[in-house]
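Below you'll find the structure, written out as structure tokens, and then a few comments.
The values are calculated or read from the model by the stated rules, or taken from the named source; none is laboratory data. These numbers come from a predicted model, not from an experiment. Neighbour counts are summed over all protein chains in view; Cβ atoms, including those assigned to glycine, are modelled from backbone coordinates with ideal geometry. We work out accessible area using only protein heavy atoms, side chains counted, and drop any ligands, DNA or RNA first. Shrake-Rupley method; radii C 1.70, N 1.55, O 1.52, S 1.80 Å.
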Amino acid sequence: MEVTDIGNKEEGKVWHRKPTLGKSVLVKVVRTAQQAKTVRFLHVTFDTTGESFLAGDHHGNIYVFDISRNRFRLVQKTGQASTALAFSLRRTTEFLVALADHTIKCFDKDTKQLVSWMRGHEGAVSFISVHSSGRYAISTSSDTAQLWDLDTFQRKRKLNIRQSVGIQRVFFLPLSNTILSCFSDDSIFAWESDTLFCKYQLPVPDCGPRISYKAFAVTRDGKSLAAGGRSNLLHLWCLESKQLIRVIQMPTKVRTVRQLEFLPDSFDGGASQTLGVLSQDGVMRFINIHTCKMLFHMGSHDDAITTVAVSPNGRHVVAIMDNGSINVYSVQSLTQELNKPPSSQVAVVSGGEADQKLSNLKVQVRSEVVQRPAKSSGRRTQVKTLRPPAESTAEDKENELPGGLNKKRLVALLKAFGEYPTKYRMFVWRSLLCLPENHAAYSSLTDKGLHPAYATLHDKYPIKSHKLQRGLQRVLSALAHWAAIFGEVEYLPLVAFPFVKLFQNNPMLCFEVVATVIVNWCQHWFEYFPNPPLNILSMVENVLAHHDKELLQHLVDCGITSQLYVWPLLETLFSEVLTRDEWLRLFDSIFSNHPSFLLMACVAYITCCREPLLLCSQKQDFEYFFHHRNNLDVGAMIKEAYRLMSGTPADIHPGTMLSDFAPLTKGQYPVFNHYPEFIVQYQSREREKIQLQEMEYLRERQEVSALRADFVRRQAEEEAYHAQQELLQKAEEQRRNILAQEEEKLTQQRAKLAAMKRELKVKELQLLDATRRRFLKHQQDLRATQIRGLEQEISRKMDLRERESAAAVQDLEVRQMELEAQRRRLEQHLLKEQERMGQQVEEEVEMRMRRAEREEESFTELLHSTETNMQALEESLAEACQLGLDADWRREVAERLQQVDAEQERKRERLAELHRQTLAEEEKVADTMRDVAGRKWDEVMSSRAQLQEQRQPSPSADTDGQRQARIRTRELPHRPSASTAVFVGTRAAGPAVGLDSATPPKQAGANMVCLNSSSPSESTSTNFSLDRGRAQLDSSERELLREIRELRRKLAARAREGSSASSQSVHTPSSVSQ
């Protein structure tokens, strides 16, 4: 037994050496992973052809094993262990796998792609049954069964049961639409798959122990059901009558039935009679359900079986062993003992110890009936008279055949029944032909490969079956390698084809049968090669002339030679003119007799058909007759052949010219050289030459065909291009027409749309006009209301202004009156002052210095008051701006105030600079005044001396000067600038006057009066210089106030631009402050 370890291979050979015949286990497949750990196989299942099976291991790998092609291939890696497999779908490349996660997946074995994923089970799926059409599938778990549509992979129905009753198996019956469901309480129901209507229920047996069904099997015709469980009893049901027809008791070693499988047979019509029973001990026993006899068994206690799968064609059984390996069994080898021919039905009775004459002994034995499969019903038991056996002779030794058969007995049996039993025919032929079964020699011939002479056999002899075509090529190539002439014989395929078709499953036996036929029954065929065997044809013609001269004369008269009426039968071995069964019956007789029987069969065929042949006169009719089947009784033809064998004279009998049967030698095949070698060699050389020429011709033809194909392709491309252009033009025209129609429709739609738009536009304009009119009316009303409000406001403001004007006039009048009163008071005051002037002259001299200091202090205070006024103005401006502006304007005002601060700082610096310049000018003025005061004092002193001199002569001058001084003093209140000039001049001249403190007041006043009156030019110049410094201060102060007012106006204007409301609130206090 060969062991194949597939390991981690993804593809390879199942066996590396072809299994020999007679071995029950063809190959043992194991899979070892890393560290020599064995990976167990869990499930196997066959496809519909029975030539391939699917196997899944514990790691989730799915393999396909092709027994016919000796190949295996890894088709899927699921990653988890499988619980059930199905490989008989309608699409032969797809298979179903139930996984440990309670799902079912469908894969394609060629593309290795996932086709579908089916979910719905809550428990592990234990079995998958596929309908015979391959369209539907039923998956079974312990709690439910679900019906799936394999075209859409959708669930159609679901079978739910009570929790107390579990499901054992739900499956389709073969060749029907019936679903059979088996439950744990041994109840079995049949359902219609389309409507799920309950058709019937099998009655549960009341008597006997309960079996608790676990295993089920149905015959291929769907008429019988076998069930077993926790017992050694098997129940056999007839599903047509719905009755339990038999209870089979297994041996006592069987305590539990794990699995049941029917073994199909090619000739049982689907009603299988052999049932395989797998028990708890790991042994599978095959029994006949009718005779209840055990036929054979598989497995043992040491090599136990866990599960099996039987191929649908009944040729192989695949078993998963207890160690996780796969054993592939050959059913033919397992049933070899059953297929042996029956024991001899002729009983030999030997004499006893008593001295009796053997010649007088006759014994009648009632033999068993030898039945043929098709003709067994009408035969009776035959009684044969047996003669006492004599001593063994050389003839008896020649009649002894391999396998315990005797040729003489077989011939007698053949003559009695006309043919061998179909079941044992191949065995009988192998025994009659004494086939050596030289495996090594045949392998050496096949290893040479395909013979060049038969490389193109399919062109000359096309056969639909590729398997049959390959088998014929293999056998012919082996024959050509065995003898060179067989590569040149044109009719050799016709000779070998019927045997190839008969032995297509065993090419070695086919080769040996054909070789045996050629060596024995084709003697002297190749002496006239390449012409037909004229010597053999002459033998047949001589026999025909002896037995039917009239027919031969008719053939001669019609110009028909033996090459036309004998050779077609010989070169095809009657395969063209006989049916399969007739041909088998004929060759039963040919193989059982002398090689000359084939030639006698040709004469018998012609003589049996003499009536239609005598009616033929044309050559075409004869050719058609000997190449087609005709109405002929094969049994009569065989009897005629036997008559010709016994009734033909020895001088013309082919048996005297042909050698006796000689089987092929064992070990090596004999040398075959009964042919003209020079002709064969010449033909071989010519054939090689022709092959070379043919190859050259094929090459040239291939080039021409390539050029032609290129030309045709180009022509087709041009035609296609022109056709495409025409189609494009038509399509363009059609498209233009469609576009024109669409444009016309679009134009119409646009016109309609434009009309609708115009209507809508008119309506919109009307609405807008009405809205505009309402708005204008509203605006007019609003403006009228505003005008009325403005008029009221204007009238109110005019009244207010009139009242304010009246109040202002009154105020002006009051102010005028106040000014007039003040003028009068000032005049009075001036008069009083003039009166007190004399008294204050002395005080005035003393206070000049203090006044000058106070004047300086007042100037400083004036500067400080100016700054104070500026700060007050700024604070009032900030308050006015803050009252009118919001938060954003306050921030801007703050920025503006910073600018104003900077500007005021510059103004202050300018004022300080002006102050410094003023102080410098005052110092210069003071120095000038000192100088002038000194000069004036000198002048005064000189004038005084002159006055004293003049006073004496004219005393009336003093009176005139005093009078003028009084007049000027009266005029002082009306000219404030002059008084101011006098006061300033007095203050400025204070220090100079203060030098003479001893001057009496009257004299001081006289001096001052005299100063103003006596030197008007100098006094004017002095007063002008003092007034010019004060005028500069006043002008600078006025410019500063003017700039402040300008800045306030700018700030107010900006405030009015930002907010009209705030501008009014700011403008009012600013104008008031001005």
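Side notes on the structure shown:
- Total residues in segment 471-505 satisfying the condition of being out of contact with any Lys or Arg (no Cβ under 9 Å at 6 or more places or on another chain), under 17 Å from Val671 (Cα atoms) and of a type outside the set (A, V, I, L, M): the figure is 2.
- A search for C-beta distances below 6 Å between a residue of segment 219-241 that is without any contact (Cβ under 8 Å) to a residue 60 or more places away in the chain and any residue that is among the hydroxyl-bearing types (Ser, Thr, Tyr) and part of a strand (DSSP E or B), counting only pairs 6+ apart in sequence or on different chains, returns Ala227/Tyr213; Gly229/Tyr213.
- Scanning segment 923-949 for residues that are free of Cβ contacts under 8 Å to residues at least 40 places away in the same chain and among the hydroxyl-bearing types (Ser, Thr, Tyr) yields one hit, Ser942.
- Search result, residues across segment 411-448 that are charged (D, E, K, R) and out of contact with any His (no Cβ under 7 Å at 6 or more places or on another chain): Lys415, Glu419, Lys423, Arg425, Arg430, Glu437, Asp447
- Selected residue [in a helix (DSSP H, G or I), under 16 Å from Leu877 (Cβ atoms), without any contact (Cβ under 8 Å) to a residue 40 or more places away in the chain and not hydroxyl-bearing (Ser, Thr, Tyr)] from Ala920, Ala902: Ala902
- In the condition set (1) open to solvent by less than 10 Å² (accessible area, probe 1.4 Å); (2) without any contact (Cβ under 8 Å) to a residue 12 or more places away in the chain, Phe597 is compliant with all but (2).
- Each residue in segment 649-697 was checked for being among the aliphatic types (A, V, I, L, M) and modelled with pLDDT of 85 or more, and 6 of them qualify.
- Residue match in segment 84-91 (condition: at pLDDT 90 or above and either over 29 Å from the mean Cα position of the chain (by Cα) or β-branched (Val, Ile, Thr) (or both)): no
- Test: residue in segment 187-196 that is open to solvent by less than 20 Å² (accessible area, probe 1.4 Å), closer than 16 Å to Ala84 by Cα and at pLDDT below 90: no
- Pairs, first in a helix (DSSP H, G or I) in segment 688-710, second surrounded by 12 or more Cβ atoms within 10 Å (Cβ to Cβ), C-beta under 8 Å, six or more apart: Gln691/Pro452
- Residue match in segment 554-572 (condition: under 18 Å from Gly647 (Cα atoms) and either at pLDDT 90 or above or open to solvent by 50 Å² or more (accessible area, probe 1.4 Å) (or both)): no
- Residue match in segment 404-427 (condition: in a helix (DSSP H, G or I), within 51 Å of the chain's Cα centre (by Cα) and free of Cβ contacts under 8 Å to residues at least 24 places away in the same chain): no
- A single entry from Ala484, Ala455, Ala478 fulfils the requirement of being more than 48 Å from the chain's Cα centre (by Cα), farther than 17 Å from Glu571 by Cβ and at pLDDT below 85: Ala484.
- When segment 600-624 is filtered for residues that are among the small types (Gly, Ala, Ser), open to solvent by 10 Å² or more (accessible area, probe 1.4 Å) and part of a helix (DSSP H, G or I), nothing remains.
- Flag: Leu244 matches the condition of being in contact with a Phe, Trp or Tyr (Cβ under 6 Å, 6 or more places away or on another chain), assigned to a strand (DSSP E or B) and open to solvent by 40 Å² or more (accessible area, probe 1.4 Å).
- Which listed residue is under 48 Å from the mean Cα position of the chain (by Cα), without any contact (Cβ under 8 Å) to a residue 40 or more places away in the chain and open to solvent by 30 Å² or more (accessible area, probe 1.4 Å), from Gln280, Gln273: Gln280
- Of the residues making up segment 152-186, those that are open to solvent by less than 60 Å² (accessible area, probe 1.4 Å), of a type outside the set (S, T, N, Q) and part of a loop (DSSP other than H, G, I, E, B) number 7.
- Applying a threshold of 8 Å to beta carbon distances and a minimum spacing of six or more residues, or different chains, the list of pairs starting in segment 521-538 at a residue that is under 19 Å from Phe597 (Cα atoms) and without any contact (Cβ under 8 Å) to a residue 40 or more places away in the chain and ending at one that is open to solvent by less than 30 Å² (accessible area, probe 1.4 Å) and among the small types (Gly, Ala, Ser) reads Leu537/Ser562; Ser538/Ser562.
- Selection status of Glu541, over 57 Å from the mean Cα position of the chain (by Cα), at pLDDT 85 or above, surrounded by fewer than 23 Cβ atoms within 10 Å (Cβ to Cβ) and among the charged types (D, E, K, R): yes
- So Arg854, is it open to solvent by 90 Å² or more (accessible area, probe 1.4 Å), assigned to a helix (DSSP H, G or I), more than 30 Å from Arg908 (Cα to Cα) and without any contact (Cβ under 8 Å) to a residue 60 or more places away in the chain: no
- Hits in segment 281-296 - residues which are in contact with a strand residue (DSSP E or B) (Cβ under 7 Å, 6 or more places away or on another chain) and modelled with pLDDT under 90: Asn288, Ile289, Cys292, Lys293, Met294, Leu295, Phe296
- Meets criteria (open to solvent by 70 Å² or more (accessible area, probe 1.4 Å), of a type in the set (A, V, I, L, M, F, W, C) and at pLDDT 85 or above) for Leu739: yes
- Every condition in (1) within 40 Å of the chain's Cα centre (by Cα); (2) in contact (Cβ under 8 Å) with a residue 12 or more places away in the chain holds for Thr195 except the one numbered (2).
- Subset of segment 218-229 [open to solvent by 20 Å² or more (accessible area, probe 1.4 Å) and touching a Phe, Trp or Tyr at 6+ places or on another chain (Cβ under 9 Å)]: Val218, Arg220, Ser224
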